[in-house]
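Step one of this worksheet: look at the structure below.
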Amino acid sequence: MRRPSLDAARLGALAPVLTVEVLEEATSTNAVAGDRARAGAPEGTVVVAEHQTAGRGRLDRTWQAPPRSSLTFSLVLRPTVPAVEWPWLPLLTGHVVARALRGAGYAAGVKWPNDVLIDDRKVAGILVERVETPAGPAAVVGVGLNVSLTAEELPVPSATSLAIEAGAEPDRTAVLALLLQALVEAYDAWQAGGAEARDHLAASYAAGCVTVGRDVRVELPGGDRLLGRATGVDRQGRLTVTGAAGETAVGAGDVVHVRSVT
């Protein structure tokens, strides 16, 4: 049975803050949104694909899903905060998506740095990319959320979908509107609130991160591993791990995987 399409008219109600472009198919919404940004698209431009044929995640991992079974979208932002704060954008996005899903009744949490989980199974991934444009650098915030995937359609056994968790298929248009509104609200507060707001984000993220407090194995490039207890997330968004050699802070760009150890 053909899954329902997104309701473009309902998404139009998000204007003038957001302009949502719904594509029937795209290789990667991040790639399309990046092109839009380079062509001068303003902050708040959103590209959504009903079917993404070459979605990308961290470390160039790829994935696909059946048409209209997921929410795959990218949001163009033009942050004015100092460049040193930009690495917080992926963490902010994962944190906000998890919080919005919790508000909708799902037991969601964020695994450092930005995977969204429900009961330790991945339901959403985040990819944020910096794009150089004639008007200055922009950030393309990409989100892929499993909505109506069945157990047989999941890419890996450790994944899940909103439909599996709720026992019913949610309204994708309503979920997309919820996430976009939550992201814009949190982003605006992060930008406008200065150092205090960014400190609050760091504390709020650490408190809601399901990785903190667990024993973990951090897999590093080159095959090295770091074993220890994840004790927190520092002001730079790095995961702090206490092991045999003491406390070590690792950034998202420094790791291949972070696995919980039982």
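A few notes on this one:
- The sole residue among 48, 96, 81 that is in a strand (DSSP E or B) and surrounded by 14 or more Cβ atoms within 10 Å (Cβ to Cβ) is 48.
- The listed residues are 108, 83, and the only one of them that is aliphatic (A, V, I, L, M) and under 22 Å from residue 152 (Cα atoms) turns out to be 108.
- Test: residue in the range 103-115 that is β-branched (Val, Ile, Thr), over 20 Å from residue 255 (Cβ atoms) and surrounded by 15 or more Cβ atoms within 10 Å (Cβ to Cβ): no
- Single residue of the range 206-231 satisfying the filter (modelled with pLDDT under 95 and closer than 18 Å to residue 93 by Cα) that is surrounded by the fewest Cβ atoms within 10 Å (Cβ to Cβ): 207
- Pair list, Cβ under 7 Å, 6 or more apart: the range 223-244 residue of a type in the set (D, E, K, R), other residue not in a strand (DSSP E or B): 235/202; 238/251
- Here residue 186 meets the list (1) of a type in the set (Gly, Ala, Ser); (2) buried (at least 19 other Cβ atoms within 10 Å of the Cβ); (3) touching an Asp or Glu at 6+ places or on another chain (Cβ under 7 Å) almost entirely, failing just condition (3).
- Residue in the range 158-171 that is surrounded by the fewest Cβ atoms within 10 Å (Cβ to Cβ), counting only those that are touching an Asp or Glu at 6+ places or on another chain (Cβ under 9 Å) and in a helix (DSSP H, G or I): 163
- Qualifying residue in the range 5-22 (condition: under 21 Å from residue 68 (Cα atoms), out of contact with any helix residue (DSSP H, G or I) (no Cβ under 7 Å at 6 or more places or on another chain) and part of a strand (DSSP E or B)): yes
The values are calculated or read from the model by the stated rules, or taken from the named source; none is laboratory data. The structure presented is a predicted model; accordingly, all values stated were derived computationally and were not measured. No Cβ is skipped: glycine too gets one built from the backbone with ideal geometry, and neighbour counts run over all protein chains shown.
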